[in-house]
Amino acid sequence: MATEVLVPVLGESITEATLGEWLKQPGDPVQADEPIASLETDKVSVEVPSPVAGVMGAHAVQPGDTVSVGALIATIDAGDGAPAKTAAPEAGSTAAPAAAPAAAPEAGSSVDAAALSPSVRRAILEHGVDPASVKGSGKDGRLTKEDIVAAASNKPAAAPAAAPAAAPAAAAPVSAGGDRREERVKMTRLRQTIARRLKEAQDTAALLTTFNDVDMTAVMEARAKYKDLFEKKHGVRLGFMGFFVKAACMALKDIPSVNAYIEGDEIVYHDYADISVAVSAPQGLVVPVIRSADQMSVAQVEKTIGDFGKRAKEGALKMDEMKGGTFTISNGGVFGSLMSTPIINPPQSAVLGLHRIEERPVVRNGQVVVRPMMYLALSYDHRIIDGREAVTFLAALKNAIEDPTRLLIDL
């Protein structure tokens, strides 16, 4: 008897999702609560667990299809699945050997191509990486786009020469379009939502960006001095984000309009700081929220951010962790960005952009010296935040980072 697999309740106000990928194919054995598919909602990817143990039955929908909460997407048949896995190649003993050579290169030898997400498959095509040679860092060892990109960057320079069989074809008359390929991949629901919300922010808010720079010497010295003790005591590495989150919380108390948002014809102020932190995930940028960050220690902030980053890579962030937020911090510096104008995350009214640390000449006490400097960018809704308030906010943040003692005495 087959058991139906239905789309689970996805969260408040979410009625539908897009089937991202099947993690189990018909005939595969499955255990109770084992993920068999991933659904992409407006905020995060959600894995669908098997309600029972058995054998994966027929798929009722395909990747890219939109499904509603409660809709049938597959069935689970009774059994342990072992015979189904071994019977398939024996059923057509003469046909199977002929089909195997063609399938092996596309699947990456031991990697099941059907289990790869569209972004991973696209990365494999772009970088020419054999997925079988890459160890996956995602949940259950699945490959992520970052795994493929990292493997491509580590490939030996001599690797392209390891395909002599392709030489005769390359020696043929060159065709202008011979190596030109296109691939059309439907935007994920998350990417569509990101695009829509960013455009809405541009169309609705009166966006303006104010810049400042900050000398990172004091923070870098503190980090170098205490990082080993910090990790030993708290079990997490001491990074820069902990300092910036605490400094931002202190500045938000001084300039409450930066921590507010417009709702109708009213301004909603908050006496707490829920900091949204932009985190890179395989399916796109996600923004989980550090609740009551103003009440946390630097260690608690670092632990929370580390946990968000790990689970974002695994696609395991929950809906509730993406909701709310009164202010956003986006660190483009980890990707090498020197300067940018970030876009606010509605309904919030401001976002802080951090950038790479770069040694530059600056004047200190009449002398030109070299200091590790970082550009700060505050994009804000000018309807509710005045230029004076934006500049004052950045100045308070700069002062706290350049003199971290201020964070201890709330100055």
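The values are calculated or read from the model by the stated rules, or taken from the named source; none is laboratory data. Keep in mind that what you see is a predicted model, and the values were worked out from it rather than measured. Neighbour counts run over all protein chains shown; Cβ positions are idealised from the backbone, glycine included. Side chains included, ligands, DNA and RNA excluded: accessible areas come from the protein's heavy atoms. Shrake-Rupley method; radii C 1.70, N 1.55, O 1.52, S 1.80 Å.
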Within the stretch 256-274, how many residues are buried (at least 22 other Cβ atoms within 10 Å of the Cβ) and assigned to a loop (DSSP other than H, G, I, E, B)? 2
Exactly one of these conditions fails for L143: (1) in contact with a Gly (Cβ under 9 Å, 6 or more places away or on another chain); (2) under 23 Å from A312 (Cβ atoms); (3) open to solvent by less than 90 Å² (accessible area, probe 1.4 Å); (4) at pLDDT 80 or above. Give me its number. (4)
Is there a residue in the stretch 179-191 that is surrounded by 15 or more Cβ atoms within 10 Å (Cβ to Cβ), over 25 Å from the mean Cα position of the chain (by Cα), of a type in the set (D, E, K, R) and not in a helix (DSSP H, G or I)? no
Please state which of the following conditions T210 fails to meet, knowing it meets all the rest: (1) surrounded by fewer than 23 Cβ atoms within 10 Å (Cβ to Cβ); (2) among the β-branched types (V, I, T); (3) under 19 Å from the mean Cα position of the chain (by Cα). (3)
With of a type in the set (D, E) and closer than 23 Å to T204 by Cβ as the only criterion, which of E358, E389, E314, E321 stands out? E389
Tally the residues that are among the β-branched types (V, I, T), modelled with pLDDT of 80 or more and not in a loop (DSSP other than H, G, I, E, B), restricting the search to the stretch 13-59. 5
Verdict on D203 being without any contact (Cβ under 8 Å) to a residue 24 or more places away in the chain and open to solvent by 40 Å² or more (accessible area, probe 1.4 Å): yes
In this structure, does L252 turn out to be open to solvent by less than 40 Å² (accessible area, probe 1.4 Å) and at pLDDT 90 or above? yes
